[in-house]
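*Asks:* Below are the structure tokens for one structure; questions will follow.
The values are calculated or read from the model by the stated rules, or taken from the named source; none is laboratory data. Because the structure is predicted, anything quoted here is derived from the model rather than measured. So basically every Cβ, Gly included, is an ideal-geometry build from the backbone, and we count neighbours across all protein chains shown. Surface accessibility is based on the protein's heavy atoms, side chains included, excluding ligands, DNA and RNA. Shrake-Rupley method; radii C 1.70, N 1.55, O 1.52, S 1.80 Å.
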Amino acid sequence: METNSSNITQKVKDFLNSTAITEPTRKALIERIEKANGTNRFFNDYSFNLLSILCDRLMDQDTENRIVNMALFIDDRLAENTCDGWRYNDMPPDDEMYNNGLKGVDEAASIMFDKNFTDLREEAQIKVLEAIQDGTAKGDTWKTLPSKRFFEELLAETTEIFFSFPLVQLKMGYAGMADAAGWKKVGLNESEEIEKFVNNNFKNSISQWANI
């Protein structure tokens, strides 16, 4: 099993720059990796850290050794004032939703455990999220902001970011981005050589992801 992060880093770079990947796909994947090395611009440091931990809990990611900080992508989108072009009629604009929602998370944590969310153990953090998800979270924020909707919006965006990140995909053994040669072996239990390569070189073998 590959555990040397520098070797893995070079393997990822070599793979993304190989002829197995088309130029538009390569550009999109590299942009995602570069964005993951950015800094917060929209949220203040406390709110950004809170959002980062929320995202980690939703994707069951180790905060101390995360693959990707999904909060960076949300922060970047809000800083650029972009959106997917629609929202529920009972929800405010995304910037307001996130700022108020993060406030509501800490309110719920304080009422339930007398601590800020970031100071709770993981088990307690999950209980706070479960209360927000099922609409039983307490706090002034949730009187005007539907907690179920907030949870749904956060989960949807977090999931999209996480599973579209190339390092996550490679760690899962997903090789769909390497479609330059097309796919011929599509029958039951058939695998292309590129799929075997990804499974052998990346799947479940990346222990550290820094400096990609």
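*Asks:* For region 120-178, what are the per-bin percents of Cα-Cα distances with bins 10 Å wide, up to the bin holding the maximum?
*Replies:* 20, 34, 27, 15, 4
*Asks:* Mind checking which lysines have their Cα closer than 21 Å to the Cα of K184? Skip sequence neighbours fewer than 8 apart in that chain.
*Replies:* The reachable lysines, counting only those whose Cα sits under 21 Å from K184, are K196.
*Asks:* Follow-up. Give the calculated FRET efficiency between T22 and E80 to the nearest 0.05, with a Förster radius of 22 Å applied to their Cβ-Cβ distance.
*Replies:* On the way: r = 26 Å, r/R0 = 1.17.
Approximately 0.30, to the nearest 0.05.
*Asks:* Now a separate question. Can you give me the accessible area per residue for the chain, using a 1.4 Å probe, in Å²? Could the numbers behind the result be given before it?
*Replies:* Working: 11820 Å² over 212 residues.
Per-residue accessible area for the chain comes out at 56 Å².
*Asks:* Of all the Cα-Cα pairs you can form in region 24-64, what percent are over 14 Å apart?
*Replies:* Values: 506 of 820 pairs.
Value for region 24-64 (Cα pairs over 14 Å): 62 percent.
*Asks:* Can you give the FRET efficiency for N100 and A124, using 1/(1 + (r/R0)^6), R0 = 22 Å, r = Cβ-Cβ distance, to the nearest 0.05?
*Replies:* Calculated value: 0.50.
*Asks:* How much of the accessible area of the chain, in percent, comes from carbon and sulfur atoms when a 1.4 Å probe is used? It would help to have the intermediate numbers written out before the result.
*Replies:* Details: 5410 of 11820 Å².
So the carbon and sulfur contribution to the accessible surface is 46 percent.
*Asks:* If you put +1 on each Lys and Arg Cβ and -1 on each Asp and Glu Cβ, how big is the dipole of the chain around its Cα centre, in Debye rounded to 20?
*Replies:* Values: 24 positive and 36 negative charges, 92 e Å.
Using only the charged Cβ atoms, the result is roughly 440 debye.
*Asks:* Over region 106-212, what is the relative contact order in percent, taking alpha-carbon pairs closer than 8 angstrom and at least six residues apart? Don't skip to the answer; put the middle values down first.
*Replies:* Values: 72 pairs, mean separation 19.5, N = 107.
RCO, region 106-212: 18 percent.
*Asks:* While we're here: Between helix 122-134 and the chain, what is the angle of the helix's C-alpha long axis to the longest principal axis, kept within 0 to 90° and rounded to the nearest 10?
*Replies:* That helix lies at roughly 70 degrees to the long axis.
*Asks:* Give the label of the value calculated from the structure for Cα extents along the principal axes in Å, choosing from (i) 55, 42, 39; (ii) 65, 42, 31; (iii) 56, 37, 36.
*Replies:* Only one listed value fits the structure, namely (iii).
*Asks:* Rounded to a whole number of µm²/s, how large is the Stokes-Einstein D of region 1-127 at 4 °C and 1.567 mPa s, given Rh as the Kirkwood radius over C-alpha pairs?
*Replies:* Numbers: Rh = 17.0 Å.
For the chosen part, D equals 76 µm²/s.
*Asks:* If packing is taken as the average count of other Cβ atoms within 10 Å, what order do 130-142, 182-194 fall into, highest mean first?
*Replies:* Values: 130-142: 16.8, 182-194: 10.3.
Result, highest mean first: 130-142, 182-194.
*Asks:* Mind checking the angle between helix 45-58 and the chain's longest principal axis? C-alpha axes, 0 to 90 degrees, to the nearest 10.
*Replies:* Rounded to the nearest ten degrees, it is 60.
*Asks:* Relative contact order, percent, of the chain when contacts are C-alpha pairs under 8 Å separated by at least 6 residues?
*Replies:* It rounds to 30 percent for the chain.
*Asks:* Still on this structure, please answer the following. Distance between Cα centroids, region 176-206 to region 50-101: provide it in whole Å.
*Replies:* Going from one Cα centre to the other spans 31 Å.
*Asks:* Residue by residue through region 175-189, which ³J(HN,Hα) values in whole Hz follow from phi under the Karplus form 6.51 cos²θ - 1.76 cosθ + 1.60 (θ = phi - 60°), with glycine and proline marked x?
*Replies:* Using θ = phi - 60°, the values come out as 10, x, 6, 8, 10, 4, 8, x, 10, 10, 8, 10, x, 4, 6 Hz.
*Asks:* Using the charge dipole of region 36-180 (Lys, Arg: +1 at Cβ; Asp, Glu: -1 at Cβ; taken about the Cα centre), state which of A180, I74, L58 has its Cα farthest towards the positive end.
*Replies:* In region 36-180, that residue is L58.
*Asks:* List, in the order given, every pair from K13/K185; K115/K143; K115/K171; K13/K35 whose Cα-Cα distance in the structure shown is over 24 Å. Let's see the in-between values first.
*Replies:* Numbers: K13/K185 26 Å; K115/K143 20 Å; K115/K171 35 Å; K13/K35 15 Å.
As for pairs spanning more than 24 Å Cα to Cα, those are K13/K185; K115/K171.
*Asks:* Can you work out ³J(HN,Hα) from phi for every residue in region 13-25, in order, using Karplus 6.51 cos²θ - 1.76 cosθ + 1.60 and θ = phi - 60°, giving whole Hz and x for Gly and Pro?
*Replies:* Computed from phi, the couplings for region 13-25 are 4, 4, 5, 5, 9, 7, 6, 6, 10, 6, 4, x, 5 Hz.
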